[in-house]
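Rule-based calculations on the coordinates, nothing more; no lab input. From a predicted model like this one, the values you see are computed outputs, not experimental measurements. Cβ atoms come from the backbone with ideal geometry, glycine included; neighbour counts cover every protein chain shown.
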Ligand SMILES: [Mg+2]
């Protein structure tokens, strides 16, 4: 390994820590309100969003970007269906038969670290699409995952979301004035997450705007906060609150911090 490639790996690992911490915060602040249209300031345990995003980080860091290894890595972080997993994803992780063409937001919620890892937009799109193949081959799910990964990639470079290639993302960018039902469908939850990033002025306001959408609150907030973390960094006070609220949040954060 050359010094350059070592430093490069080191830098991308640090960014994994930032993005994963953003996801943990969004997830834990949204989980008390999952499936509800009311939101507030309660903080809950992390859910499938954080766990599966960590699986993607481990997959990227392992250097083996095969689908076989992806399944191993996603299974490696799976602590059980009670962690807010959808039935299809839980079956997949437990080696039960399940369809591979979900149009849900499961691939978009776990994808963010690919935006840190990719050296250019083409690699980000390639890896974001590849990781959909196991479970989320539906075009809407793929577009959702590519949208989130590219948004993180642009945030890493300090670029605005206006630079998103519209050719790929038209279907999943927020439409002016449209009311999304914020369900677990990618096409109904990625646009509000993107809108929260567009409307947010800093990490806190992005988080609050994402939470205000309700319904699949944890996932919308996790996706928005992944991008906001890369854009603004992590506010220490918020992280402190999230870690103080639950022991299992603290435990997972220690795992995330291995990406130093
Ligand atoms: Mg969840």
*Considering every residue within the range 186-199, establish whether at least one is surrounded by 14 or more Cβ atoms within 10 Å (Cβ to Cβ), on the phi < 0 side of the Ramachandran plot, out of contact with any helix residue (DSSP H, G or I) (no Cβ under 7 Å at 6 or more places or on another chain) and in a helix (DSSP H, G or I).*
yes
**Message:** If I filter the range 61-73 for residues that are more than 22 Å from residue 138 (Cα to Cα), in contact (Cβ under 8 Å) with a residue 24 or more places away in the chain and outside any helix (DSSP H, G or I), do I get at least one hit?
**Reply:** no
The condition from (1) buried (at least 18 other Cβ atoms within 10 Å of the Cβ); (2) in a loop (DSSP other than H, G, I, E, B) that residue 147 misses is numbered (2)
Residue 233 vs (1) in contact (Cβ under 8 Å) with a residue 60 or more places away in the chain; (2) under 17 Å from the mean Cα position of the chain (by Cα); (3) on the phi < 0 side of the Ramachandran plot: all pass except (3)
Within the range 164-188, residues over 14 Å from residue 146 (Cα atoms) and over 20 Å from the mean Cα position of the chain (by Cα) come out as 175, 176, 177, 178, 179
Checked against (1) within 16 Å of the ligand (Cβ to nearest atom); (2) more than 23 Å from residue 67 (Cβ to Cβ), residue 197 satisfies every condition except (1)
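For every residue, the table says whether it meets (1) within 16 Å of the ligand (Cβ to nearest atom); (2) in contact with a strand residue (DSSP E or B) (Cβ under 9 Å, 6 or more places away or on another chain).
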position	(1), (2)
171	no, no
190	yes, no
213	yes, no
217	yes, yes
237	no, no
248	yes, no
252	yes, no
255	no, no
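For the condition more than 15 Å from the chain's Cα centre (by Cα), on the phi < 0 side of the Ramachandran plot and more than 16 Å from the ligand (Cβ to nearest atom), what is the one hit in 36, 83, 99? Reasoning before the result, please.
Values: 36 fails: more than 16 Å from the ligand (Cβ to nearest atom); 83 fails: more than 16 Å from the ligand (Cβ to nearest atom).
The unique qualifying residue is 99.
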Only one of (1) within 14 Å of the ligand (Cβ to nearest atom); (2) crowded, with 18+ Cβ neighbours inside 10 Å; (3) more than 14 Å from the chain's Cα centre (by Cα) does not apply to residue 206, and that is (1)
When the range 162-187 is checked residue by residue, the ones that are without any contact (Cβ under 8 Å) to a residue 40 or more places away in the chain and farther than 18 Å from residue 106 by Cα are 162, 163, 164, 166, 167, 170, 174, 175, 176, 177, 178, 179
